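**Q** Can you keep this structure in mind? I'll have questions shortly.
Read-outs: derived from the displayed coordinates by stated rules, not from any lab. Keep in mind it's a predicted model, so treat the numbers as computed, not measured. Note that we place each Cβ from the backbone using ideal geometry, even for glycine, and neighbour counts take in every protein chain shown.
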Amino acid sequence: MPARDLGVTDAHSHLYIGPVDGGPIGAPILTDTEAVARELTIYRGLGGGAIVDCQPSAECGRDGRVLRDLSARTGVHVVAATGFHRRIYYPPDATLFTLPAEHAAARFMEEIRFGLVETRDTDQPVFPGLIKIAAEATLEESPRALFEAAAAVANATGYAIEMHTERGAGVEDFLAFFAGQSVSPRRLIFCHVDKRPDFGLHKELARAGVILEYDTFYRPKYRPQETVWPLVRAMAGAGLASQLALATDMAEPALWSEMGGGPGLSGIFTVIKAGLEALGLVDETIAALLGGNIAGRLTLEQMPDPA
Ligand SMILES: [Zn+2]
């Protein structure tokens with residue numbers, strides 16, 4: 001479907017995270033699909049259109065079959081991802097992190113061409129809508145071959161790269177890395193940068209063309225009233241609202257109202273949209289922050305090779 005028709009879109013969340021054999025103790029697990037389906041129905045009823053699911057590989061808990069089923073049952077569009085998460089979220093024997101760049105790129109490319117690996121044997125393979133990758137705190141500590149692979153696939157297909165950051169650490173270096181790989185900043189989304197609320201830095205990244213993803217609205221430990229909300233106000237005031245994508249990153253069951261926590265998927269409206277209205281932003285800007293901007297990145301800048 002055309003990305004512009006996605007409507008209100010959470011730019012980074014999680015609808016399903018399966019347990020990983022040999023994965024880290026305390027890694028988030030999200031398997032109550034009935035509760036997720038109930039909340040998706042509520043989200044749809046409030047005007048929710050889509051959610052970007054950021055679990056990037058089957059080995060770290062993604063299940064495209066579950067995502068497809070949730071979408072079909074609730075009418076909410078789900079954008080799935082290929083790519084790679086942080087090494088700690090994989091089993092110790094995961095092969096992805098041992099591959100040279102060309103082989104890793106081939107794996108990502110196969111998911112784009114033939115469907116997510118866990119859905120390929122089904123009637124309806126699920127195709128990813130973006131490349132989700134994970135940075136460590138520094139470029140040096142990050143898996144260089146996988147970064148090169150993601151860059152090559154983005155260049156070959158026009159797919160956007162949405163990158164986890166460790167609280168915004170090292171983003172200047174990662175931007176330079178992608179420039180060196182000929183990836184346009186306009187193909188990049190940097191996640192969790194509101195955990196590093198440096199307005200000067202945010203302005204610089206935004207002016208370069210990067211989309212900044214903010215998602216601490218429900219997390220008191222990051223003091224949203226003192227950090228993310230003033231950032232949104234300042235960025236909008238600087239004319240850079242087009243470079244922000246707002247999200248909830250609901251990997252933890254405690255954020256879901258149907259799992260006994262909150263604020264749940266309706267928080268996009270009751271917390272985030274309400275907060276944007278309280279800032280006095282016009283409807284057009286709110287629509288961009290809550291979907292239009294990320295949708296623009298999900299549109300391919302260049303059609304994939306049909307071969
Ligand atoms: Zn996430």
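**Q** Name the single residue, out of those in region 162-209 being part of a strand (DSSP E or B) and within 16 Å of the ligand (Cβ to nearest atom), that is farthest from Arg87 (Cα to Cα). Before you say what the answer is, go through the steps one by one.
**A** To start, the set of residues in region 162-209 that are part of a strand (DSSP E or B) comprises 162-164, 188-190.
Next, from what is left, pick out any that are within 16 Å of the ligand (Cβ to nearest atom): 162-164, 189-190.
Details: Glu162: 17, Met163: 14, His164: 12, Ile189: 20, Phe190: 18 Å.
Top of the filtered list is Ile189.
**Q** Out of all the residues in region 113-137, which are in contact with a Pro (Cβ under 6 Å, 6 or more places away or on another chain) and in a helix (DSSP H, G or I)? I'd like the intermediate steps shown before the answer.
**A** Of region 113-137, the ones in contact with a Pro (Cβ under 6 Å, 6 or more places away or on another chain) are 115, 119, 132.
Hit for region 113-137 is Thr119, nothing else.
**Q** Additional query: Given Pro230, Pro220, Pro253, which one is over 17 Å from the mean Cα position of the chain (by Cα) and farther than 27 Å from Ile25 by Cβ? Steps first, answer last, please.
**A** Numbers: Pro220 fails: farther than 27 Å from Ile25 by Cβ; Pro253 fails: farther than 27 Å from Ile25 by Cβ.
One residue alone meets the criteria, Pro230.
**Q** Identify all residues within region 274-302 that are aliphatic (A, V, I, L, M), part of a loop (DSSP other than H, G, I, E, B) and within 20 Å of the chain's Cα centre (by Cα); write none if there are none. It would help to see each step written out before you state the result.
**A** Just the residues of region 274-302 that are aliphatic (A, V, I, L, M), to begin with: 274, 276, 278-279, 281-282, 286-290, 294-295, 298, 300.
Checking which are part of a loop (DSSP other than H, G, I, E, B) leaves us with 279, 281-282, 300.
If the condition is that a residue be aliphatic (A, V, I, L, M), part of a loop (DSSP other than H, G, I, E, B) and within 20 Å of the chain's Cα centre (by Cα), then Leu300 is the only one that fits.
**Q** What single numbered condition from (1) surrounded by 24 or more Cβ atoms within 10 Å (Cβ to Cβ); (2) under 13 Å from Met109 (Cβ atoms); (3) among the small types (Gly, Ala, Ser) fails to hold for Ala152?
**A** (1)
**Q** Something else about it: Pairs please, first residue from region 33-57 and within 20 Å of Glu162 (Cβ to Cβ), second anywhere and part of a helix (DSSP H, G or I) and aliphatic (A, V, I, L, M), Cβ atoms under 6 Å, 6+ apart in sequence or on different chains.
**A** Asp53/Leu67
**Q** Yes or no: Val20 within 16 Å of the ligand (Cβ to nearest atom) and not basic (Lys, Arg)?
**A** Taking the combined requirement at face value, the residue satisfies it.
**Q** Which residue is surrounded by the most Cβ atoms within 10 Å (Cβ to Cβ), if the candidates are limited to region 32-91 and must be within 14 Å of the ligand (Cβ to nearest atom) and at positive phi?
**A** Among them, the one singled out is Gly83.
**Q** Still on this model: Do we have any residue at all in region 242-257 that's within 16 Å of the ligand (Cβ to nearest atom) and free of Cβ contacts under 8 Å to residues at least 24 places away in the same chain?
**A** Scanning region 242-257 turns up at least one residue that is within 16 Å of the ligand (Cβ to nearest atom) and free of Cβ contacts under 8 Å to residues at least 24 places away in the same chain.
**Q** Among the residues of region 217-232, write down those that are assigned to a loop (DSSP other than H, G, I, E, B) and more than 20 Å from Gly280 (Cα to Cα).
**A** Step one: of region 217-232, the residues assigned to a loop (DSSP other than H, G, I, E, B) are 217-219, 223-227.
Answer for region 217-232, where residues must be assigned to a loop (DSSP other than H, G, I, E, B) and more than 20 Å from Gly280 (Cα to Cα): Tyr218, Arg219, Arg223.
**Q** Given Leu265, Leu212, which one is within 16 Å of the ligand (Cβ to nearest atom), surrounded by 22 or more Cβ atoms within 10 Å (Cβ to Cβ) and assigned to a strand (DSSP E or B)?
**A** On the way: Leu265 fails: assigned to a strand (DSSP E or B).
Leu212 is the lone residue from the list that is within 16 Å of the ligand (Cβ to nearest atom), surrounded by 22 or more Cβ atoms within 10 Å (Cβ to Cβ) and assigned to a strand (DSSP E or B).
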